[in-house]
Structure formats: C-alpha cells, structure tokens
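The values are calculated or read from the model by the stated rules, or taken from the named source; none is laboratory data. These figures come from a predicted structure and were not determined experimentally. Cβ: placed from backbone, ideal geometry, glycine included. Neighbour counts: every protein chain shown.
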Amino acid sequence: MALISAENVSKEYHTGEISTKALRDVSFEIEPASFVSFVGPSGSGKTTLLNLIGCLDKPTQGKIRVDGKTVHDLNRKQSAVFRGSVFGFIFQAFNLFPVLTAYENVEYPLVMVKNEPASGRSEQVLKVLEAVGMLAQKDKRPDQLSGGQKQRIAVARALVTRPKLVLADEPTANLDRKTAVDVIRLMRDMRDEFDTTFIFSTHDQGVMAEAEVIHTLEDGQLIHSEKRLAHTTEEPK
C-alpha cells in the first residue's frame, strides 16, 4: 500500500482578481521507505506540493492521502496532531533555535510535539545525535556550528520522533558541494536504518543523483516520473 497518493491535485492561489495556478492535475504514489525528489525550475510547484503533503495547506481540487488519511479533510487541530505523529521537516535555512544547544534543538520536538517524559528523552536524543555524527557538538549553539553541522542537527531533529516521512525543502541550498553530498548520504543511511521515507524538493544535481524516484514538475504539472536504482554521487573535486 502506498504511503502517499495524490489524485488529480490542483492548487490555485488568489490575490485580488489575480489567480495563480501553482499545481495542475498532479497524480502520483510514493511507497514506504522511498527516497524521492521533486525537481523542476523555481515556480514549478515543488514547495507547494510539499506543503500539501505535509498538511500545511489544502488543495483546491483533488485528493491527497498520507498514511491512510485524506489529509485535506483534517481540521487545523487534527492536522497539527497528524503532522506531529507522522512527519519530520528539514528546511534549507536550518531553522534551529539560536538560544538552544544542539542537544536542546533536537530534544525540542520530543517536548513540544510528542510530550515525551524527561526520563526517556535523553536516550533518544543522544542516539540520533550519534547517528548523524554530532554527539561531540551536543552542547554547542548554532552560531558555533558550520553550515553542514547545522544541517546534521536539523536532520537529527527531524528523525528524533521516528517519523514515517521526512519532507525536505531544498535541504542543500545553503551548503557547499562536498557538505551537501555528505548530508544527502547521511539521509540515505538514515532511510536504510529506520525505513523512513524522504521526499525532497530540489534543484541540486547531487540530491537527484541519490534519489531512487524523480518526479519532474514544470508550470505546476507533473511532466515526467522516473524510477531507478540510485548511484553513488561522485566525490566533489
């Protein structure tokens, strides 16, 4: 059974009398434990689609089902609860809290989203920090970390709740080439270990090279889908 299915999804935005069609009649399925990229030029609808999948917006037409639920039928409170139980999010700007340490940033969703008791949080946070190679930096604040280290912390934060699905919007946009390759490989390792589905919106050729499914968007339409065996990205020179 597909983890995600979209059926004839369209999204239209209105600003006064001006109407903008961000997505047009898009359909696809994504299986569990997939590594998927939505690619296309700016304005093609990639981020809009991630927002719809992640219950951050609702389609104008069509249906989206995630983990057995028709997500656009959920009200605001139900959407928030569903996001907390199913999703992890990774952003291109990292979105770490500057006043919190790396440990505290990773711990945050366990406190605020999962309401985990203090007795169980430490083991979960330390395990995922070790998995992303950031255990030694756990007491540092974001301004003491490099861009690649910040994104590793963002990956750890997305994974600490053990989500079924991680949505990553241009996660390598602010990273140099070598760091971007390292982070994408890290996420593939996390997928292999935890069976987490990763979905990216990206322009990055390195992300595309590691993807096992590529959906290409153009002017809000899904114009091509490709399933393949991912190959290892060449080391940057």
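Being of a type outside the set (Phe, Trp, Tyr), crowded, with 17+ Cβ neighbours inside 10 Å and either part of a strand (DSSP E or B) or more than 18 Å from the chain's Cα centre (by Cα) (or both) is the filter here, so list the residues in segment 87-103 that pass it. Once the filter is applied, which keeps residues that are of a type outside the set (Phe, Trp, Tyr), crowded, with 17+ Cβ neighbours inside 10 Å and either part of a strand (DSSP E or B) or more than 18 Å from the chain's Cα centre (by Cα) (or both), segment 87-103 yields Gly88, Ile90, Thr101, Ala102.
The residue that is surrounded by the most Cβ atoms within 10 Å (Cβ to Cβ), among those in segment 63-86 that are of a type in the set (D, E, K, R) and in a strand (DSSP E or B), is Arg65. The single residue among Val99, Val86 that is farther than 25 Å from Leu56 by Cα, hydrophobic (A, V, I, L, M, F, W, C) and at pLDDT 90 or above turns out to be Val99.
Annotation: of all residues in segment 127-174 being of a type in the set (S, T, N, Q) and under 15 Å from the mean Cα position of the chain (by Cα), the one that is surrounded by the fewest Cβ atoms within 10 Å (Cβ to Cβ) is Thr161. Of all residue pairs spaced 6 or more apart or on separate chains, those with beta-carbon atoms under 6 Å, a first member in segment 32-56 that is in contact (Cβ under 8 Å) with a residue 12 or more places away in the chain and a second member that is part of a strand (DSSP E or B) and among the basic types (Lys, Arg) are Thr48/Lys11.
Having 2 or more residues that are polar (S, T, N, Q) and touching a residue at least 12 places away in the same chain (Cβ under 8 Å) is the bar; report the strands (runs of 3 or more DSSP E) wholly within segment 132-230 that clear it.
Here the list reads 197-202, 221-227.
Out of segment 107-131, which residues are touching a residue at least 24 places away in the same chain (Cβ under 8 Å), out of contact with any Leu (no Cβ under 6 Å at 6 or more places or on another chain) and of a type in the set (A, V, I, L, M, F, W, C)? Within segment 107-131, Leu110, Val113, Val125, Ala131 meet the criteria.
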